[in-house]
């Protein structure tokens, strides 16, 4: 393997690693001008600047038996902390029992916790304080990551052919 080829491969690996690390930061939530936000499961989200702040707290989604918790939508109090998980925040997370992220313990629920019935459609609409959240929406970044993988594979193949 030539020195230049080794440098190119190491450089590509560094770029891929940097992209993977930056992918762990909060994803900007997809929100409309009418304050409707799509919230995918198990994705740390930050609300766009135009959205402003949201009232912090927890929304517990219940299965058809009205007892079993299927999901917990949490808006963090990372801007103003008024105690017991309440306040104002710009970040959120939808925990789902269907995936590998464990649900938060009930002892950590906010003082203003709300319980609602999960929609059998897979998308549950939650409206509060002038904001509407579509809980369980598909993750918008999925196709972008797939495109990045194909691009990286093509670049590596091209480097291999040039050597």
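The values are calculated or read from the model by the stated rules, or taken from the named source; none is laboratory data. These figures come from a predicted structure and were not determined experimentally. We place every Cβ from the backbone using ideal geometry, glycine too, and count neighbours over all the protein chains shown.
Against the condition surrounded by 14 or more Cβ atoms within 10 Å (Cβ to Cβ) and not in a strand (DSSP E or B), how does residue 110 come out, does it pass? It is true that residue 110 is surrounded by 14 or more Cβ atoms within 10 Å (Cβ to Cβ) and not in a strand (DSSP E or B).
Taking the conditions exactly as written (in a helix (DSSP H, G or I), modelled with pLDDT under 90 and within 27 Å of residue 104 (Cα to Cα)), does residue 10 satisfy them or not?
Values: in a helix (DSSP H, G or I): yes; modelled with pLDDT under 90: yes; within 27 Å of residue 104 (Cα to Cα): no.
No: the conditions fail for residue 10.
Residues being touching a strand residue (DSSP E or B) at 6+ places or on another chain (Cβ under 6 Å), over 26 Å from residue 120 (Cα atoms) and either in a helix (DSSP H, G or I) or modelled with pLDDT of 85 or more (or both) are represented in segment 22-32 by at least one member. Against the conditions (1) in a loop (DSSP other than H, G, I, E, B); (2) farther than 21 Å from residue 67 by Cβ; (3) over 13 Å from the mean Cα position of the chain (by Cα), residue 103 satisfies every one except (2).
If I go through segment 47-88 residue by residue, how many of them are in a strand (DSSP E or B), on the phi < 0 side of the Ramachandran plot and in contact (Cβ under 8 Å) with a residue 40 or more places away in the chain? Give the derivation first.
Start the filter on segment 47-88 by keeping residues that are in a strand (DSSP E or B), which leaves 54-55, 57-62, 69-75, 80-83, 86-88.
Filter once more, so that each one left must be on the phi < 0 side of the Ramachandran plot: 54-55, 58-62, 69-75, 80-82, 86, 88.
Filter again for in contact (Cβ under 8 Å) with a residue 40 or more places away in the chain, leaving 54-55, 58-62, 70-71, 73.
Qualifying residue count for the region: 10.
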